[in-house]
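Read the structure below first, then the notes.
The values are calculated or read from the model by the stated rules, or taken from the named source; none is laboratory data. Just so we're clear, the structure is a prediction, and the values are computed from it rather than from any experiment. Glycine gets a Cβ as well: all are built from the backbone with ideal geometry, and neighbour counts include every protein chain shown.
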Amino acid sequence: MPETFYITTAIDYTNSAPHIGHAYEKILADVIARYHRLKGEQVFFLTGVDQHGQKVQQSAAKEGVPPAEFVKGVTQKFVDLWEKLDVKYDEWAATTDERHKRVVQGMLQRLFDEKQIYKDKQAGHYSIRQEQFLTDRERGPNGEFGPEWGQVEFREEENYYFKLNDHKEWLLRYIDNRKDAVIPDFRQLELRNAVEKLSGDLCISRPKSRLDWGIELPFDKDFVTYVWFDALSNYISFAGYDPTIDNYEAQPKEFRDRWSKDTLQVIGKDILIPAHGIYWLIMLHSLGFPNDQIPQLLVHGWWNLGGAKMSKSAGNVVDPELLVEKYGAEALRYYLMNDIVVGGDADFSEERLVTRFNTDLANTLGNLVNRTLNMAHRYREGKVSQVSLVEKNHRECQLLGLTEVHGFEEAFEGGAPKYPSLKPYSVDDAVHHIQAFCFHVNRFVDLEAPWKLAKESPESERLTAVLYTLAESVRVIAILISPVLPKAAHGIFDQLNWKMEPELSGKEERFHLDDAKWGGLPDGHVVGKPVPLFPRIEL
Ligand code: MSP
């Protein structure tokens, strides 16, 4: 059985409705998952919702409904949004799921039995927003705790602690020995610096007296599990992990098939340190995961608004739901994949969303498909014939070159050896590559001027060859763009009258990266009539 590419995203908090940052991360993971399926690989894509914790309990209380009811409503908003945005996941991780609870309790029990969890008393300042005790390190230059910690109060409490500190040296060695443990590089460096400073253990419980919306500790009924310990475990609980088995090799086959060497976790920059980079990696190690089964972390940046962080309290949150209704899923998917460098931050702009749609999709790609099919009908009754211009005209050679030496795969998989500077998962680079290809083909049309060729000699072999080149380019572009714009890719294939078998209709199986080679359309193939793919957005 081939190894599975296992990809996850952060599970989103259900204390409020989804925003544009959530949508970006899910689409990014969806595009990477679709790219791997395009290559014919087996993919398991997990996403979901983080439903426990104090913030949810508070939001539910504010609305006067029980937390279980509150999260049901918010969860539905996420489910509906991913459906509208064509985010195609294989499994849904909702942390109130019984299966998940059992795994979390099993993990806790094992760590407790192995004396990796102990009980202790703590007194100090506690941040309600971040749900953690604060130390003097968290104080700002003025000696106060900054606004990022929200309301801070003094507390004295008995709790259970996980021996994080025992694994500090292991984590440092792991990071030093794996150059791509975290992508991009500068985040790996940030993580290493944070691990160097690590001191103290992790409090993994909350007394029920103040928080009962969580998973009960299996060894003490008066406590629930700290929300991060609960949430992080979703990555294994929904993949079939058996917490009673400490040896990875002895785990159920279902789990080992998914959780293989190719595990990619897509997260935002705010949850690398300490949650994923420290807690999670140490949790896995302490549960007996060998180093080569530690997941790779892809850390993306943030979408801001006017240079400022989006937040509910500032009232500047961009609602993806409204954007989908206004512009459609493809416009939003394209904008979010195109207008930010993976790993960096970007400023959200509705105006740019519209400009990119009109320029790249309506004027460039849409126009190319439209003119290709129109000319094929006008000059050859829709029939394309396999005639090549290669001998006579090096412009076509350049196009062939662009499809083959395109840097598209490198943008997803990393550069060496042909493109050493390309980092893996540079989805924005892949999109720019396709844009460049579309641009060149449009230029090819203008240079060849088929309308002139037709006027001079309607039956010209050159015109036949130009039309074939165009139809082939459009076919290849549809395959390459399919991870980002699945609907448009189907639209292009439909209009090309290509791969029309009913069982392929609307299915990802219709596209294969192997087919993105020149010469796929057979001699004499008849293309369909053009239908506008990307009607211009008029503001
Ligand atoms: N529930 C935790 C994650 C648990 S994972 C085991 C959480 N949830 S969240 O809803 O606050 O954030 C979910 C994801 O959205 C995070 O990866 C976060 O970085 C990302 N984003 C939140 N705001 C964002 C932007 N403005 N821009 C891009 N991504 C952002 O953290």
Completion exercise
Scanning region 9-24 residue by residue, those farther than 20 Å from residue 54 by Cβ and acidic (Asp, Glu) turn out to be none
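The rows are residues; the columns are (1) within 16 Å of the ligand (Cβ to nearest atom); (2) over 30 Å from residue 65 (Cβ atoms); (3) under 27 Å from the mean Cα position of the chain (by Cα).
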{"position": "178", "(1), (2), (3)": "no, yes, yes"}
{"position": "181", "(1), (2), (3)": "no, yes, yes"}
{"position": "189", "(1), (2), (3)": "no, yes, yes"}
{"position": "217", "(1), (2), (3)": "no, no, no"}
{"position": "232", "(1), (2), (3)": "yes, no, yes"}
Practice task
Within region 136-148, count every residue that is of a type outside the set (Lys, Arg), more than 20 Å from residue 276 (Cβ to Cβ) and either touching a residue at least 24 places away in the same chain (Cβ under 8 Å) or surrounded by 14 or more Cβ atoms within 10 Å (Cβ to Cβ) (or both).
Solution key: 1
Fill in the blank from the handout: Taking first residues from region 214-236 that are under 10 Å from residue 53 (Cβ atoms) and second residues anywhere that are modelled with pLDDT under 95 and part of a helix (DSSP H, G or I), the pairs with Cβ under 7 Å that are 6 or more apart or on different chains are none
Completion exercise
Scanning region 521-539 residue by residue, the ones that are farther than 15 Å from residue 467 by Cβ and buried (at least 16 other Cβ atoms within 10 Å of the Cβ) total 3
Exercise for the section: State which residue pairs qualify: first residue touching a residue at least 12 places away in the same chain (Cβ under 8 Å) and under 25 Å from residue 66 (Cα atoms) and inside region 12-27, second residue in a loop (DSSP other than H, G, I, E, B) and near the ligand (Cβ under 6 Å from one of its atoms) in any location, beta carbons under 7 Å apart, and separation of 6 or more residues or different chains. Expected result: 19/310
Fill in the blank from the handout: The condition of being at pLDDT 90 or above, under 19 Å from residue 523 (Cα atoms) and part of a helix (DSSP H, G or I) holds, among 428, 494, only for 494
Problem - Among (1) more than 12 Å from the ligand (Cβ to nearest atom); (2) in a loop (DSSP other than H, G, I, E, B) - the single one residue 292 does not satisfy - result: (2)
Completion exercise
Every listed condition ((1) closer than 22 Å to residue 120 by Cα; (2) more than 29 Å from the chain's Cα centre (by Cα)) holds for residue 147 save (1)
Problem - Subset tally (residues that are without any contact (Cβ under 8 Å) to a residue 60 or more places away in the chain and closer than 30 Å to residue 173 by Cα) for region 285-336 - result: 6
Practice task
Return a yes/no flag: does region 442-456 have any residue that is outside any helix (DSSP H, G or I) and more than 29 Å from residue 411 (Cβ to Cβ).
Solution key: yes
Practice task
Scan (1) under 24 Å from the mean Cα position of the chain (by Cα); (2) of a type in the set (Ser, Thr, Tyr); (3) more than 16 Å from the ligand (Cβ to nearest atom) for the single condition residue 241 breaks and write down its number.
Solution key: (3)
Completion exercise
If you go through 21, 48, 40, the only one that is over 24 Å from residue 211 (Cβ atoms) and surrounded by 15 or more Cβ atoms within 10 Å (Cβ to Cβ) is 21
Practice task
Starting from region 254-270, keep only residues that are hydrophobic (A, V, I, L, M, F, W, C), then list their pairs with residues that are away from the ligand (no atom under 16 Å from the Cβ) and not in a strand (DSSP E or B) whose Cβ atoms are within a distance under 8 Å, requiring at least 6 positions of separation or different chains.
Solution key: 255/240; 255/242; 259/251; 259/293
Exercise for the section: Please find, within region 331-355, the residue that is surrounded by the most Cβ atoms within 10 Å (Cβ to Cβ) out of those that are farther than 19 Å from residue 366 by Cβ and small (Gly, Ala, Ser). Expected result: 343
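Going by what's in this entry, would residue 23 be described as over 26 Å from residue 327 (Cβ atoms) and among the small types (Gly, Ala, Ser)?
no
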Practice task
Could you tell me which numbered condition residue 210 fails, if it satisfies all but one of (1) over 19 Å from residue 99 (Cα atoms); (2) surrounded by 16 or more Cβ atoms within 10 Å (Cβ to Cβ)?
Solution key: (2)
Practice task
Please work out if residue 324 is β-branched (Val, Ile, Thr), more than 13 Å from the ligand (Cβ to nearest atom) and under 21 Å from the mean Cα position of the chain (by Cα).
Solution key: yes
Practice task
Only residues that are buried (at least 22 other Cβ atoms within 10 Å of the Cβ) and of a type in the set (A, V, I, L, M): list them for region 288-304, please.
Solution key: 297, 298, 299
Exercise for the section: Answer yes or no as to whether residue 314 is within 16 Å of the ligand (Cβ to nearest atom), touching a Phe, Trp or Tyr at 6+ places or on another chain (Cβ under 6 Å) and in a loop (DSSP other than H, G, I, E, B). Expected result: no
Exercise for the section: Mind counting the residues in region 151-199 that are surrounded by 14 or more Cβ atoms within 10 Å (Cβ to Cβ) and not in a strand (DSSP E or B)? Expected result: 22
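Tell me, which strands (runs of 3 or more DSSP E) lie completely within region 1-99 with 2 or more residues that are more than 16 Å from the ligand (Cβ to nearest atom) and either within 18 Å of residue 270 (Cα to Cα) or of a type outside the set (D, E, K, R) (or both)?
Ranges flagged: 4-9, 42-50.
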Practice task
Spot the failing condition for residue 516; the list is (1) out of contact with any Lys or Arg (no Cβ under 9 Å at 6 or more places or on another chain); (2) in contact (Cβ under 8 Å) with a residue 60 or more places away in the chain; (3) of a type in the set (Gly, Ala, Ser); (4) under 26 Å from residue 407 (Cα atoms), and only one is missed.
Solution key: (1)
Handout entry: Test for residue 503: is it outside any loop (DSSP other than H, G, I, E, B), among the acidic types (Asp, Glu) and surrounded by 23 or more Cβ atoms within 10 Å (Cβ to Cβ)
Key = no
Problem - Filtered residues of region 260-285 (kept if within 11 Å of the ligand (Cβ to nearest atom), touching a Leu at 6+ places or on another chain (Cβ under 9 Å) and not in a helix (DSSP H, G or I)) - result: 265, 266, 267
